[in-house]
Amino acid sequence: MDEASLFLAALDRPTPADRAAFLADACGTDAALRARVERLLAADSGAGILDAAVRPVRPLVAGGTFAVRYRLVRRLGAGGMGEVWAADQTAPVRRPVALKVIRPGLDPAALLARFELERQALAVMDHPHIARVFDAGVADGLPYLAMELVAGEPVTAYCDARRLAVRRRLALFVPVCRAVQHAHQKGVIHRDLKPANVLVAEVDGAPAPKVIDFGIAKPAGLDAGDGVRTGRGVLVGTPEYMAPEQAGGALDVDTRADVYALGVLLYELLTGVPPIRAAGPGAAGLLELLRAVREDDPPPPGRLRPELRGDLDAVVMKALEKDRARRYDTAADLARDVERVLAGEPVAARPVGRVERGRRWARRNPAVAGLLAVVAVLLLTVAVGASAFAVRLRDALNDSESARKDTRRQLWQAQLSRADATAQGGLPGQRTASLALLREALGAARELGLTDADRAAFRDVAVAVLGLPDLEVEREWDGYPPGTRHVAADAKLERYARADQSGAVSVRRVADDVEVCALPGGGKPVRVTLSDDGRSLAVVDSGGAGRVFHLDGATPKPLFAAGMDPARAPHFSPDGGRLVFVAGATLRSWDRATGEVWSWPLPGRAHGGSALSADGRLVAVGCAPTGPAVLHVRAADGADYAETLPLTGAAESVAWHPGGRVVAVFTGRRVRLLEVPGGRALGVLDGHRADGGRVAFDAAGDRLFSNDWLGLLRVWDWRGGRQLLTLPAAWPDHDRMTAAGDRLFVHGATPSTLRVVRCEPGRERQALGRPPAAGHDPTPDPLGRFVLVSGDRGTAALAPDTGEERGRLKSGHRPFLLSQSLLLTSGTDGPHRWPRADDAAARVTRFGPPEWLGPPVSGGAETHGASADGRVVAVPNHSAGAVVLHTAAPWLVAPTGPQEFVRTCAVSPYGRWVATGSGESPTSSGARVWDARTGAPVYSFPVPGLCPVGFSPCGRWLVTGGGGLRVWHVGTWADGPALPGAASAVGWAFTPGGDILAVGGHGEVRLVRPADGAELARLPLPGLGKFQPRAFSADGGRLYVTDLETSGVVTWDVRRLRRGLSELGLDWDTPPIPAEGPAAAGWRVEFVGVDRLGRPWAEAVKAAEANWLDVGARARLAATSKTPAESLLHAGVALGLDPTRLDARLYRARAALQLRQFDAAAADAAAVLAAVPGHLDATRVRDAAGKIPRR
């Protein structure tokens, strides 16, 4: 037990002698632990915060204030511990809160112990369906908690008031189970789950349940001797919702008590009444109710409502088992069974059969059962004889072997469930410990034989685990003894330097904590810095005297001395050849080789942290000029670059991303991420609740570490803005954390210890970054050098693995095809083609200048389609269908027939078919296929509107999204196999070979085989939002997914994932694991001729004036002319230069028809039809020219 648990347990002992005996037994030989607990007991018996918490206080009234920043609005209720008020928080932010104030007059030690348990329980939890805690403390003599105000109603009242159907009630129940599971994984048992503590509020029109009131919560795994202050015979909870072991006053209540309470809640949600109700008022009624909870089996829900018979009966009654060993092991298991009911799948629960009912009867009536058994055995022995006995003996042996196998199967299933629960805990060990459990379960399962269903279950857990990061304490030692003032480590974590209050410095090995060399103290505290190789040491004392030493042998050799800012440690360049430091209001750099010192002015006095980039080229210093705080960034190698970036507060700590383009600043209890140069805000990491923060990137730049004075080490997916893991640690009083490769040098769990923590970054799944805007497709480069992501600030070219920006197209154009030779983009001015040129020597790809392909049509910003070579382009044209452009000879334009509000187009890979999808919901056919050359209709699909469409890269499949995801055989247009998760699918993406289809959904993406609909794997994603697969990389090794709620792009490294699965023997068979592509580090992207966009007419005029023989420019002028006469003129010139241009001939036919030159219109239309029989638009022009009467 830790000292907090020992302290609470000791308080339960009535006399000092009893406490001393207890501590002697519990602490054993650990004298330091016993001393700390005795100090706590002494503080508890004296004056202090306990007295402050129970001083006479003024009453709380509506309209009054509390703790300065809370205005009381109304009292929501009162309980055993105190009152709950609705209040308005006025600072530092304005928001409504629920204020729980502990009423005075209670036992202070027990009160604050229980209050502290509730505060800790709420503090460690972070779940969308658990009310959050914002603040805690003692004010006006009263302890208080400020929590999220849930403006909802009890879940049963909510469902009954809206007369919700059973399925909707079950759907509301599942997130409640997930929230309780989250609490269990954080080590908290609620112990009072009931409808009043599960409130439902509507958020954006959707119900959102929240679990509240952890006032009697209990740390999981602790018994009465571990500090829980509830003794035997003291009831905790609401009797109707208590588990039998709670009702019996057991002390070892565990998480399965909450599972029972969830079963009661589910029973009441389905039937309208609790399973066991009070027999009457008063003490007698309560005692009878407790007896019934312990002993009586409630009627199954199906007996009250026949439509509930079957799986729901089994699920509810399993949760309500009297024997907790027969209940669901976890709330997550209960949630999964409810989800199986909703999905129409078999449930894990099984109804109790006749044999089990008989066994229970026998336990209640042992005498009668024994007599009957003796009589039955005698009768059977006489009647059947020896042969029957032999048969029964053989069957018994078979049953014994079957039971043994069943037991072993249940064991590995429990082990697999533990692995899954550990992976969902969000705690250190979530990856390594889960993998160990999974391997152990997998070995046991293979001995019994794996079924396909078993393999799928193992694979789902393995995929979830392999996508997780993890932390593991590699080494912890007493490296920060009392009197230590500062520590610093080298970049390889081979050495660290430790300075004490007198200024004495000890340089020691990290591996064994043996001293390498020492520097005597000068009487003043110092800050220390080690060079990356650990061979140079910089020391700055509190008076500002700075010195640099070379560490060679037992005695450091002085190299340099100068005045330095004592508030911040200096920085060595990576090679140790330069030292960058602050002196007064200047930034200085000392060159070790020449002895030269450079100096640059700062925009104010240095205030806060500073950092040197990984390559030693840039330095960032927090400054406080006369105005707001700033971050000053400048070249540290003599280059002419400096800029000052505004901040919202002082830069307490600064860290550079290894790439040198991003700087993280801890300021105002937040980590702000800024792009350098320019200072563009890349995001804010919010979650710290104290100042004194420190930040550091890992060596690969994938993860960011931070902590603060509260000592909680946090691991962030900084690109996605999401906290991944936490690890308790002492508060950091040295300048910075040191990251080396996948290891981190930080404080340990206590103030006297240091740690080396190993981080597994979990690169199988990581955020690519927040795109410039929402909802636009990531488009991977077929050569694997970058991925294009578009938004309202243009299209960014990002590194495919790190998300680092490599270039930007500052335009509203969006890419819809990227090949090895060209880029196609769409905008309101029509589609454009950008020729591509790759310069391998300069490591740059250049696109442009852009070439306009066709006239703008309504819906020009919708989803365009193109063939694989970009020669056939389809443009949505709303209710006029689509326009098909053939961008090479014979330069054909083929409008399709009409269709309601076309929003999306797709072209088959070889350019034969065009598919269009309607954006209208009430439509007879949400998707259609057309002949790409003629525009003639080919097939109409019986699917509703709001229907995106797409072809597989292999050309075998067409996918439609209206009314659920469906695949169709291209050519025959027959319906393909049913796909798992299709009904609620959110987008899709094919691998380049078309043999795997990624299907999006809520909180996950499924990988399925379109050929037979088989599910290969489920890729979990952070949160429960909608995730839309956008594209696979050209080699199929990486999947890009858009989070539709945050607009972030998440990538799954499928190649790395499948390697991990292959090591476990859980990979799927085909296709083979993609090979590694060529490295693309440092590749840049440039866009040339961006100024041409948005003015196709002007560009066509300019091209035609520059070259009268430019037939393409003349054809574009014919398409974009403002009058029929101008279109007729330009089309005629184009045909004079090239008679084979079918687009110009069609433009001239249209213009002639408008000018009532019917014979000319008919002749040009006939020429188009002669080249392309059945061309729909040419047929319309010809028929119109023949029908309109001449005048």
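Just a few scattered comments:
- Among residues of segment 252-294, those that are surrounded by fewer than 15 Cβ atoms within 10 Å (Cβ to Cβ) and in contact with an Asp or Glu (Cβ under 6 Å, 6 or more places away or on another chain), counted: 2
- Restricting segment 1015-1070 to residues that are within 19 Å of Pro992 (Cα to Cα) and among the small types (Gly, Ala, Ser) leaves a set whose member that is farthest from the chain's Cα centre (by Cα) is Ala1034.
- Screening segment 482-539 for strands (runs of 3 or more DSSP E) wholly inside it with 1 or more residues that are β-branched (Val, Ile, Thr) and assigned by TED's automatic domain parsing to the domain that holds Arg755 returns the ranges 484-489, 505-509, 515-519, 526-530.
- Within segment 883-918, if we keep just the residues that are without any contact (Cβ under 8 Å) to a residue 40 or more places away in the chain and more than 13 Å from Val970 (Cβ to Cβ), the residue that is surrounded by the fewest Cβ atoms within 10 Å (Cβ to Cβ) turns out to be Ala888.
- Which numbered condition Leu685 fails, given (1) at pLDDT below 90; (2) crowded, with 20+ Cβ neighbours inside 10 Å; (3) in contact with a Leu (Cβ under 8 Å, 6 or more places away or on another chain): (1)
- Only one entry in Pro942, Pro977, Pro937 is assigned by TED's automatic domain parsing to the domain that holds Arg912, at pLDDT 90 or above and over 30 Å from Leu1146 (Cα atoms), namely Pro977.
- The strands (runs of 3 or more DSSP E) falling completely within segment 139-212 that include 1 or more residues that are on the phi < 0 side of the Ramachandran plot and in the same structural domain as Arg69 (by TED's automatic domain parsing) map to 142-148.
- Matching residues, segment 803-842, being touching a helix residue (DSSP H, G or I) at 6+ places or on another chain (Cβ under 9 Å) and either part of a strand (DSSP E or B) or of a type in the set (Phe, Trp, Tyr) (or both): Leu809, His832
- Condition check for Asp323: acidic (Asp, Glu), modelled with pLDDT of 90 or more, crowded, with 16+ Cβ neighbours inside 10 Å and in the same structural domain as Pro239 (by TED's automatic domain parsing): no
- The C-beta contact set for segment 314-326 (first residue farther than 15 Å from Thr271 by Cα, second residue assigned to a helix (DSSP H, G or I), distance under 6 angstrom, 6+ apart or interchain) comprises Ala319/Val259; Ala319/Gly263; Ala319/Leu334; Lys322/Pro244; Arg324/Arg256.
- Condition check for Thr1051: more than 27 Å from Asp454 (Cβ to Cβ), touching a residue at least 60 places away in the same chain (Cβ under 8 Å) and not in a loop (DSSP other than H, G, I, E, B): yes
- With respect to the conditions (1) of a type in the set (A, V, I, L, M); (2) assigned by TED's automatic domain parsing to the domain that holds Ala421; (3) without any contact (Cβ under 8 Å) to a residue 40 or more places away in the chain, Leu448 falls short on a single one, namely (3).
- Residue identified as under 22 Å from Ala681 (Cβ atoms) and touching a Pro at 6+ places or on another chain (Cβ under 9 Å) among Gly794, Gly803: Gly794
- On the stretch given as segment 641-698, residues that are among the hydroxyl-bearing types (Ser, Thr, Tyr) and within 23 Å of Leu710 (Cα to Cα) total 3.
- Residue within segment 259-277 that is modelled with pLDDT under 90 and farther than 30 Å from Glu339 by Cβ present: no
- Top-ranked residue in segment 416-442 [being touching a residue at least 40 places away in the same chain (Cβ under 8 Å) and within 17 Å of Arg455 (Cβ to Cβ); ranked as surrounded by the fewest Cβ atoms within 10 Å (Cβ to Cβ)]: Arg439
- For the residues Leu99, Leu106, Leu72, the requirement of being modelled with pLDDT under 80 and on the phi < 0 side of the Ramachandran plot singles out Leu106.
- Inspection of segment 303-319 identifies no residue that is over 27 Å from Glu345 (Cβ atoms), surrounded by 14 or more Cβ atoms within 10 Å (Cβ to Cβ) and not assigned by TED's automatic domain parsing to the domain that holds Leu416.
- Across segment 1091-1106, a minimum of one residue is classified as of a type in the set (D, E, K, R), at pLDDT below 80, within 52 Å of the chain's Cα centre (by Cα) and outside any helix (DSSP H, G or I).
- Residue check, Gly553 small (Gly, Ala, Ser) and in contact (Cβ under 8 Å) with a residue 24 or more places away in the chain: yes
Residues checked against (1) farther than 18 Å from Gly608 by Cα; (2) touching a Leu at 6+ places or on another chain (Cβ under 8 Å):
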site	(1), (2)
Asp513	yes, no
Leu519	yes, yes
Asp552	yes, no
Pro556	yes, yes
Ser573	yes, yes
Gly577	yes, no
Gly584	no, no
Asp591	yes, no
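- Test: residue in segment 212-221 that is within 23 Å of Leu427 (Cβ to Cβ), in contact with a helix residue (DSSP H, G or I) (Cβ under 8 Å, 6 or more places away or on another chain), surrounded by fewer than 19 Cβ atoms within 10 Å (Cβ to Cβ) and at pLDDT below 90: yes
Quick grid of which residues meet (1) out of contact with any Phe, Trp or Tyr (no Cβ under 9 Å at 6 or more places or on another chain); (2) over 18 Å from Gly660 (Cα atoms); (3) crowded, with 19+ Cβ neighbours inside 10 Å; (4) assigned by TED's automatic domain parsing to the domain that holds Cys905:
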| position | (1), (2), (3), (4) |
| --- | --- |
| Phe786 | no, yes, yes, no |
| Gly791 | yes, yes, no, no |
| Thr795 | no, yes, yes, no |
| Asp801 | yes, no, yes, no |
| Gly807 | no, no, yes, no |
| Lys810 | no, yes, no, no |
| Ser819 | yes, yes, no, no |
| Leu822 | no, yes, no, no |
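- Condition met for Leu149 (surrounded by 16 or more Cβ atoms within 10 Å (Cβ to Cβ) and modelled with pLDDT under 65): no
The values are calculated or read from the model by the stated rules, or taken from the named source; none is laboratory data. These figures come from a predicted structure and were not determined experimentally. All Cβ positions, glycine included, derive from the backbone under ideal geometry; neighbour counts span all protein chains shown.
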